[in-house]
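Q: Here it is: the structure, laid out below.
The values are calculated or read from the model by the stated rules, or taken from the named source; none is laboratory data. It should be emphasised that the depicted structure is a prediction, and the values quoted were computed from it without experimental measurement. We place every Cβ from the backbone using ideal geometry, glycine too, and count neighbours over all the protein chains shown.
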Amino acid sequence: MHMFPTQLYIIRHAWAEECDLDQDDYDRRLTKKGRKRFEQFIRFMQGFGLEVDLIVTSPLVRTRETAEIMVDVLQTPRLEIHDALAPGSNWKEIAEWTADENVARVAWVGHAPCVGRLVAKAIGDGNASIRMQKGAIASICLDSGLSQPGELQWLVTAQVIEAAV
């Protein structure tokens, strides 16, 4: 039986090193503070029921590190790397690939501004302007899988949580 994802989380990578002319953008890592903030944020969100069966990430170092934090905190069984989530994200490619994975709850970890465009596509308005801060998570309910528009349930940033605590 083919099962479509019913819950999609789209995440912008956590806080990374600044661009450096001597370093390839591909290799930028999360800062120590960025790692800590994102881990605390994920632990907080876990308390509100954040669970995933599969995390798919861009191949760039900062997104892989962000995804690895989620795997560790949430005890997620699977982590996959997919080029369609690299800068210039390809909605059609990542949506089709994800639909074939037969998981109920999936998280995509990518880059701005692409993650905002992915959220817009997931809710059926590819022209919507959705800005996602570093470490932000959008939760989208997909009653009919990725082929039909989903419903944006929430979009939360670590800054909001930090301000509330």
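Q: Do we have any residue at all in the range 150-161 that's part of a loop (DSSP other than H, G, I, E, B) and either modelled with pLDDT of 95 or more or surrounded by fewer than 15 Cβ atoms within 10 Å (Cβ to Cβ) (or both)? Don't jump to the end; show me each part of the working.
A: Of all residues in the range 150-161, those part of a loop (DSSP other than H, G, I, E, B) come to 150, 157.
Still in the list and also either modelled with pLDDT of 95 or more or surrounded by fewer than 15 Cβ atoms within 10 Å (Cβ to Cβ) (or both): none.
So far as the range 150-161 goes, no, none of its residues is part of a loop (DSSP other than H, G, I, E, B) and either modelled with pLDDT of 95 or more or surrounded by fewer than 15 Cβ atoms within 10 Å (Cβ to Cβ) (or both).
Q: Taking VAL73 as the residue in question, decide whether it is within 13 Å of the chain's Cα centre (by Cα) and either modelled with pLDDT of 95 or more or closer than 24 Å to TRP15 by Cα (or both). If you could, list the steps in order and put the result at the bottom.
A: On the way: within 13 Å of the chain's Cα centre (by Cα): no; either modelled with pLDDT of 95 or more or closer than 24 Å to TRP15 by Cα (or both): yes.
Criteria not met by VAL73.
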